[in-house]
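The values are calculated or read from the model by the stated rules, or taken from the named source; none is laboratory data. The structure presented is a predicted model; accordingly, all values stated were derived computationally and were not measured. Cβ coordinates were reconstructed from backbone atoms using ideal geometry, including for glycine residues, and neighbour counts include every protein chain displayed.
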Amino acid sequence: MPCSARLLFETLRVHAPDTYRTPPGVAPDRLADYYLAQLERVLAEHHQRIAAMVIEPLVQCAAGMVMHPRGYLRGVRELTRKYNVLLIADEVAVGFGRTGKMFACEHEDVSPDFLCLAKGLTGGYLPMAATLTTDEIWHAFLGRLLREQDLLPRATPMAATRWRGRSPGFARRVRGGTDPPAAAGEDCAPRRTPRPHRTVAVRGRRATVAG
């Protein structure tokens, strides 16, 4: 078994609803009911071992911009609540106004348990993503132990900020200047042997970095 296979877990799949390539004998106004019935059969049989359902709301972009029938997303939300299965809405491609509203879920007044965002989050200027969730899930994930202790991801930038404030040379290095010899008692890391420097441009500003 390849190493990558051991990192994956078993998934159950249902057909993505399609309003263009419709199943034989199914009227357009019955498409949502047809696909929701398929989903309910899977949830009814396996809901006790399903952690969550992932869906790209309204449009299955990766499948060639396949449009969902009206009411399907709302029906998915009702079924996942009925069978106590979390709903993850992947709005990486459809979020931030790409379907006419801020989020695609808003078209059918759906609030997922998780909302995955990226791409439009920064308009393409920065590689950034975010996962939003409910207060209930957040507190369950956080747990009593983590609530009572300082989290490393929060402590690390705070420590860096404090160090920057106590090190006068930090700002000068960013602006391209040089540091005077460290004053007695200055809180900074031991200096390495100086090496030639090179200058790089950072969006119109210049910064000096070690070579």
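Before we move on, is G75 of a type in the set (G, A, S) and on the phi < 0 side of the Ramachandran plot? Here the answer is yes, as G75 does meet what is asked. Here the stretch 113-150 is the region considered, the condition is being in contact with a helix residue (DSSP H, G or I) (Cβ under 8 Å, 6 or more places away or on another chain) and of a type in the set (A, V, I, L, M), and the residue that is modelled with the lowest pLDDT is M128. Would you call F96 in contact (Cβ under 8 Å) with a residue 40 or more places away in the chain, within 16 Å of the chain's Cα centre (by Cα) and surrounded by 12 or more Cβ atoms within 10 Å (Cβ to Cβ)? Criteria not met by F96. The criterion of at least 3 residues that are of a type in the set (D, E) is met, among helices (runs of 4 or more DSSP H) falling completely within the stretch 1-82, by 31-46. Residues in the stretch 25-49 that are of a type outside the set (A, V, I, L, M) and under 15 Å from R70 (Cα atoms): P28, D29, R30, D33, Y34, Y35. With respect to the stated conditions, P153 is loosely packed, with under 13 Cβ neighbours inside 10 Å, within 21 Å of the chain's Cα centre (by Cα) and modelled with pLDDT under 55.
On the stretch given as the stretch 65-76, residues that are out of contact with any helix residue (DSSP H, G or I) (no Cβ under 6 Å at 6 or more places or on another chain) and under 14 Å from H15 (Cα atoms) total 4.
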